[in-house]
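Report on the following structure.
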Amino acid sequence: MKKTLLLGLALVTTATASQAAAQTITGAGASFPYPLYSKMFAEYRKSTGVSVNYQSVGSGAGQKQITERTVDFAGSDNPMTDEAMRAAPGRLLHVPTAIGAVVPAYNVPGVTQPLKFTGRVLADIYLGKIRTWNDRAITALNPGVTLPGLPITAVRRSDGSGTTYVFADYLSKVSNEWKTRVGVGNSLQWPTGTGAKGNDGVAGVVKSTPGAIGYVELVYAKQNKLPYGSVRNRAGKDVLADNGPASAAAQGVVIPADTRVSLTNSANRDAYPITSFTYVIFYREQRYGGRTQAQARALKNLLGWMVTSGQAYNEALDYAKLPSAVASKARNLIGSMTYGGGKL
Amino acid sequence: MSEPLRPRPAPRAALSGRSDRTFQLLILALASVIVGVFVLSVYQLGRESWPALREFGLGFYTERTWNPVTGQFGAAQMVIGTLVTSLAALVLSVPLAVASALFVAEYAPKWLANPVGYLIELLAAVPSVVYGLWALFVVAPILGRWQQGFFADPANLQVYTRCQDLWNSGQTTLQCFFVPSAFDGRGLALAILILTVMILPYTASVARDVIRLVPQDQREAMYALGATKWEVISRAILPYARAGILGGVILALGRALGETLAVAMVIGDSQDIIKSLWGGASTMASVIANQFGDAQETLHRSSVVALGLGLFFLSVLVNFLARVVIARLTPRGIQ
């Protein structure tokens, strides 16, 4: 009796209140996709009236917040580990929304054409083994370019970052020494170099320091008009980062059904090797903590839109689109969301 | 009505007695809020940092390795970085601050003293992110260009490469301490510089006020003995104001120990041992700012919180020591 009364009450209140409550969806996490999400969410609001509040607090903080269920979805540049997912009270799903490329941006006076790098050279620079721009390892890759005898200042992130994760993930795939001495993570114990805060911080230091090299997301290199070099991919081709080559990276890697995978060092001939998905993370079962079905559906609609029509905004902002095979996997994942055990 | 024997107090006194009680309770409540906040912070910090302290014990504060990848966390380098930056900034800023306070209080004509005093206080009102940006975008490039220009000379470049080799093999020399590890201007020296400017107004304005409070008789007595202005300052004014000035120094030290954002922006964030005055370092606060947001593993997050706990106790310890020093230095007459 009490139950039915409650249910009835709930139905009445949802009918009236959900209309208002469902209008705002909250998310938090990675700062890398923030410019893209701002644009996407502004457009989404224009067409549907649903507003999305996304706080760019960092991937780690986003993962913590979704685990604690204080947001509807989290943004993260790296997938959660199995261990982290076990700590969550429900099953979490990862859906990629865009592909980002990390580029080696540099400031070498007198060099006008894009320099060529290999993964090994980048690893040796950040290990402190290559210390001047006219080191034989670099000149051999760049015949016809006169490189100065300037010392190399390796600039890196001082804050924990998904960008660092992607870069280190790539370096440990191409350099055994990197793998054993440094490893992969959002924060590392760096053998050399100087730390700067955020993508814009690294870009700023590179810009103002002759002889500097720094790894930044493509969009920041472009915004700051910093020259960046090509990186030799697994097939041996020198590829300059751009939307096409970054997107191609997702086509040379076997994407599992849950899409949690590293895209670095892709086997695709045209792929740019230092790339990664950026994800949104949410609960598969949406009925928790007093969420209404309307709220759950609003989230589902938003996510579905982000991996379909929303993709139209990716390239203009220098984020690569999801290849169609990945987009369909993403749609399947979103389609598997449930509410109270039933299909949403 | 039932107690006619009790002497009736005067109505006004009763009123005043009651409001006194209320005020007393109010003050007591406010004071215990402060104590409560203190206790709660220690409790929260302790609870959150427990996993790290259980794992590493007190060795957490004496071990040097900070490697989030392998899950080894030791904060010794950050404790050293915090103490070095704060104390060096203090050493640089106190003479400047006392000199400016003396100028404003004793030497400057009134039309100049007021604006100068006002400007010094204004320095304290500048948000720390502004100092950080100024250091990052104005001072660092200038320092960087100077470093680059100096080491462009082949002879100096040789020193530079030799130091790089030494550092890579884990060694160092005194000479290398003055060689930058990278030519970007950022690092320990810039952090100290920026802290110096940031804490200057605290010491300066407190010092100015206590110097002004030195009784006029004290000065006049000294002049009457035929002392020069300098003798008056050094024998009559400064000894009298000593304790108050030190109070300002403690305030400044507290600010320097906990300063986060500006330092995090310029210190270059290296958790290695401090190899060079110009090279990267890190402080406890800067590591908290840099790593808390993205610390994903429990142990990492908890280690960052443990840094906060350490910083808390470090501040308490430093303040306690400073109080002991003040008590010793206060002239007996004005205690």
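Coordinate-derived values only; no laboratory data. These numbers were taken from a predicted model, which means no experiment stands behind them. Cβ sites come from the backbone with ideal geometry, for glycine too, and all protein chains shown count toward neighbours.
The lysines whose alpha-carbon is closer than 18 Å to the alpha-carbon of A:LYS329, local same-chain residues fewer than 8 away aside, are A:LYS300, A:LYS321, A:LYS343. Taking a straight line from the alpha carbon of A:LYS225, these lysines sit under 20 Å away, with near neighbours fewer than eight places off in the same chain left out: A:LYS116, A:LYS197, A:LYS207. Database remark: amide H of A:ARG232 closer than 5 angstrom to the amide H of A:PHE117, A:THR118, A:GLY119, A:VAL239 (H placed geometrically; neighbours at sequence offset of 5 or more, or on other chains; Pro and chain starts carry no H). Which shape class applies to segment A:209-344: rounded if a/c is under 1.5, otherwise prolate when a/b exceeds b/c and oblate if not, where a ≥ b ≥ c are the square roots of the Cα gyration tensor eigenvalues? Prolate, since a/c reaches 1.5 and a/b exceeds b/c. What shape does the protein assembly as shown have by the C-alpha gyration tensor, where a ≥ b ≥ c are the square roots of the eigenvalues, rounded means a/c under 1.5, and otherwise prolate means a/b greater than b/c and oblate the rest? Cα axes put the protein assembly as shown in the oblate bin. Here the residues A:VAL202, B:VAL206, A:VAL95, ranked from fewest to most Cβ neighbours within 10 Å of their Cβ, fall in the order B:VAL206, A:VAL95, A:VAL202. Within straight-line reach of B:LYS110, meaning a Cα separation under 17 Å, sit the following aspartates and glutamates at least 8 residues removed in sequence or on another chain: B:GLU121, B:ASP209. As a proxy for reagent exposure, ranking A:THR70, B:THR82 by other Cβ atoms within 10 Å from fewest up yields A:THR70, B:THR82. Its Cα centre serving as origin, the protein assembly as shown has a Cβ charge dipole (Lys and Arg +1, Asp and Glu -1) of approximately 1320 debye.
Taking every alpha-carbon pair under 8 Å whose residues sit at least 6 apart, chain A reaches a relative contact order of 23 percent. In a DSSP loop and with at most 13 other Cβ atoms within 10 Å, the chymotrypsin sites (Phe, Trp or Tyr not before Pro) in segment A:253-298 are A:TYR288. Other residues within the sphere of radius under 13 Å centred on the Cβ of B:LEU253, judged by their own Cβ, net out at +1 (K and R +1, D and E -1).
Most mobile of A:ALA137, A:ALA154, A:ALA105 per a Gaussian network model of chain A (Cα springs, under 10 Å)? Of the options given, A:ALA137 has the highest mean-square fluctuation.
Would you look at the GNM of chain B, springs on alpha carbons closer than 10 Å, and say which of B:PHE38, B:PHE60, B:PHE292 moves the most? Between B:PHE38, B:PHE60, B:PHE292, it is B:PHE38 that shows the largest mean-square fluctuation.
Any chance you could give the angle, 0 to 90 degrees and rounded to 10, that helix A:162-174 forms with the longest Cα principal axis of chain A? It is inclined by approximately 50 degrees. If you take the square roots of the eigenvalues of the alpha-carbon gyration tensor of chain B and sort them as a ≥ b ≥ c, do you get rounded (a/c under 1.5), prolate (a/b over b/c) or oblate? Because a/c hits 1.5 or more and a/b fails to exceed b/c, chain B counts as oblate. In terms of surrounding Cβ atoms within a 10 Å radius of their Cβ, B:VAL197, B:VAL138 rank from fewest to most as B:VAL138, B:VAL197. Between the Cα long axis of helix B:154-168 and the first principal axis of chain B there is an angle of about 80°, rounded to the nearest 10.
Using a cutoff of 8 angstrom between alpha carbon atoms and counting only pairs six or more residues apart, the relative contact order for segment B:78-329 works out to 30 percent.
Seen against the Cα atoms of chain A and their longest principal axis, helix A:198-208 is set at about 20 degrees. Across segment A:270-281, rounded Karplus estimates of 3J(HN,Hα) from the backbone phi angles (6.51 cos²θ - 1.76 cosθ + 1.60, θ = phi - 60°) give 9, 7, 7, x, 9, 9, 7, 6, 10, 10, 10, 10 Hz, Gly and Pro being marked x. Charge dipole (Cα centre; +1 on Lys/Arg Cβ, -1 on Asp/Glu Cβ; no other charges) of segment B:78-329 amounts to roughly 540 debye.
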